[in-house]
Amino acid sequence: MDKLSSATVDSLGDQVGVPEYDRTAVRPGIVHFGVGGFHRAHQAMYLDQLMNSGKALDWGISGVGTMPPDQRMRDVLQAQDGLYTLVIKHPDGTLEPRVIGSIVEYLYAPDDPEAVLARMTDPATRIVSLTITEGGYHVNQTTGDFDPSDPGLQHDLQPGAVPTSAFGLVVEGLARRRAAGVPAYTVMSCDNIPGNGHVAKKMLTSYARLKDAELADWIEREVRFPNSMVDRITPVTADADKAALAERFGIEDGWPVVCEPFTQWVLEDDFGGERPPFEEVGVQLVEDVEPYELMKLRLLNASHQALCYLGYLAGYRYAHEVCQDKLFMDFLLGYMDEEGAPTLPPVPGVDLDQYKHKLIERFANPEVRDTLARLCAESSDRIPKWLLPVVREQLAAGRGIERSVLVVAAWARYAEGSDEQGRPIEVVDRLREKLVERAQHNREDPLVFISDPDLFGNLAGDERFVAAYRSALSSLHERGARATLEARTA
Ligand SMILES: NC(=O)c1ccc[n+]([C@@H]2O[C@H](COP(=O)([O-])OP(=O)(O)OC[C@H]3O[C@@H](n4cnc5c(N)ncnc54)[C@H](O)[C@@H]3O)[C@@H](O)[C@H]2O)c1
Ligand SMILES: O=P(O)(O)OC[C@@H](O)[C@@H](O)[C@H](O)[C@H](O)CO
């Protein structure tokens, strides 16, 4: 079996989709930061589809990594000429593999930041897109303002420094284009953040302002930041996925991506210059993304939070396992019906009941094998952005908060670092140390976890919230996750 590359891709069997276009004719037009699983299952796939129909050949993707773990992506993609396999996992066990060809180069910024900047200042680059995770935007969770304390940003802010962070490079690329009279690129965030375009604009301009106020003003005026809602469950690739690809399809791929069949992208049609004809491959181009975004973040992503901590504490390890348990599913639907959905504005063309049931069907796909550990990671970037806004709106409207608060308490219990069987939990969070340290005092000081204003704002001062949280945390300690849910539905 040959390793996947331009030289071997055409010899793969009929069951494997491959690029039907001449990849040597594809020219870069997009620089993408954060080439992880999701970008490769979503944006790169949409562009590959366009290319397969003979379009968007001037919208090839230059992938950029800025973080040390991205060296592995560099090594794999460079060895495979940018090619990788996307495997759609159907619930009946069918695997649908396709080799994606839209990533035409991969640059690891610390190797050669000037090469990244050369690509970004090339007038052919008209879009810079981002999937750099919620934490990559440097937002102070309480004030919503820019937090420049990250050491990478501090390095890039030094006068004369050649930047290597995503923010440093995006802003330096814009500064150089402005100086050379080249129009600005559009910055397209595809991260799960409410108002992702607005947040990208606010944070990048705040960073730029610390370097050069006139540049920041120019960015505010000249750069477009479309908001988007992006959706496709993309778990972390497992070794078994690589092995299945080799055994069943004869593909030796160093880092394939697996995902569910469902995919959705709702995008504001707000580009500074040209854009690929995304609408031809099912992207919904709309004037206002907010209702779609809120629906997805408060129903899908917040529901992931509602199932992951409680499920993990009760001994489950995969999302689909939790979905087979009626008790947990009733809880999830209760959260959606009574707490998440009431905070949503009308969503054009969407039947919310159908949407909720489809979500449960998607979560329950046993082939996707999405780990609860993935969903439980980086909670301090997720709960404050997705779930606490629901709590605040429900409190203000005098409606129920019990289920959302139980999820917050389950996070606090999870952060204690061991599950209900006493097995250790590896808490993955950039605030890990602080969270675990606090959570370990949960029993003698039950409000310690929520007393951090950077994460919870003034919720620790809200009587209803505090009472519900105390009761939920104490029940989790005394009875455990399952019995807590049982007691609530009794
Ligand atoms: N996985 C999914 O199901 C899914 C679905 C929809 C949206 N998303 C969005 O995509 C993001 C990435 O998910 P993924 O599954 O690709 O994760 P991943 O771990 O596979 O990849 C994340 C990428 O972001 C980079 N990154 C992380 N922090 C960064 C920072 N501070 N600056 C620059 N780059 C940084 C990493 O180096 C990596 O390249 C999510 O956080 C979410 O906002 C994911
Ligand atoms: O990727 P994150 O960190 O934004 O959130 C974890 C999951 O909720 C998320 O990845 C979903 O699987 C995804 O948003 C589905 O489209």
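The values are calculated or read from the model by the stated rules, or taken from the named source; none is laboratory data. Given the structure is predicted, the values throughout are model-derived calculations rather than measurements. Neighbour counts run over all protein chains shown; Cβ positions are idealised from the backbone, glycine included. All accessible areas refer to the heavy atoms of the entire protein, side chains included, with ligands and DNA or RNA removed. Shrake-Rupley method; radii C 1.70, N 1.55, O 1.52, S 1.80 Å.
For LEU285, state whether it is at pLDDT 95 or above and either assigned to a helix (DSSP H, G or I) or closer than 22 Å to THR234 by Cα (or both).
In short, no.
Taking the criterion of being within 16 Å of ligand 2 (Cβ to nearest atom), aliphatic (A, V, I, L, M) and within 22 Å of the chain's Cα centre (by Cα), would at least one residue in region 168-189 satisfy it?
Within region 168-189, the subset within 16 Å of ligand 2 (Cβ to nearest atom) is 189.
The next check asks that each one be aliphatic (A, V, I, L, M); those that pass are none.
No, region 168-189 has no match at all.
Quickly run through region 359-396 and pick out the residues that are farther than 18 Å from MET295 by Cβ and more than 16 Å from ligand 1 (Cβ to nearest atom).
Within region 359-396, PRO366, LEU395, ALA396 qualify.
Out of PRO151, PRO183, report the one residue that is open to solvent by 40 Å² or more (accessible area, probe 1.4 Å) and in contact with a Lys or Arg (Cβ under 8 Å, 6 or more places away or on another chain).
Within the list PRO151, PRO183, the selection yields PRO183.
Looking for something in a helix (DSSP H, G or I), out of contact with any helix residue (DSSP H, G or I) (no Cβ under 9 Å at 6 or more places or on another chain), open to solvent by 60 Å² or more (accessible area, probe 1.4 Å) and at pLDDT 95 or above - is there at least one such residue anywhere in region 395-403?
Among the residues of region 395-403, at least one is in a helix (DSSP H, G or I), out of contact with any helix residue (DSSP H, G or I) (no Cβ under 9 Å at 6 or more places or on another chain), open to solvent by 60 Å² or more (accessible area, probe 1.4 Å) and at pLDDT 95 or above, which makes the answer yes.
What's the number of the only condition in (1) part of a loop (DSSP other than H, G, I, E, B); (2) touching a residue at least 12 places away in the same chain (Cβ under 8 Å) that SER475 fails to meet?
It is condition (1) that SER475 fails.
Please find, within region 8-40, the residue that is least open to solvent (accessible area, probe 1.4 Å) out of those that are among the hydroxyl-bearing types (Ser, Thr, Tyr) and not in a loop (DSSP other than H, G, I, E, B). Walk me through it before giving the result.
We begin by selecting, within region 8-40, every residue among the hydroxyl-bearing types (Ser, Thr, Tyr); these are 8, 11, 21, 24.
Within this subset, residues satisfying the condition of being not in a loop (DSSP other than H, G, I, E, B) are 11, 24.
Working: SER11: 89, THR24: 126 Å².
Restricting to residues being among the hydroxyl-bearing types (Ser, Thr, Tyr) and not in a loop (DSSP other than H, G, I, E, B), the top hit is SER11.
Give the residues of region 340-384 that are open to solvent by 30 Å² or more (accessible area, probe 1.4 Å) and within 13 Å of ligand 2 (Cβ to nearest atom), sorted by residue number.
LYS358, ARG369, THR371, ALA373, ARG374, GLU378, ARG382
Can you tell which of GLU214, GLU172 is at pLDDT 95 or above, open to solvent by 10 Å² or more (accessible area, probe 1.4 Å), farther than 18 Å from LEU130 by Cβ and in a helix (DSSP H, G or I)?
Working: GLU172 fails: farther than 18 Å from LEU130 by Cβ.
Criteria check complete, one pass: GLU214.
Go through GLN43, GLN78, GLN49 for me and flag whichever is open to solvent by 40 Å² or more (accessible area, probe 1.4 Å) and within 17 Å of VAL281 (Cβ to Cβ). First the steps, then the outcome.
Values: GLN43 fails: open to solvent by 40 Å² or more (accessible area, probe 1.4 Å); GLN78 fails: within 17 Å of VAL281 (Cβ to Cβ).
The match here is GLN49.
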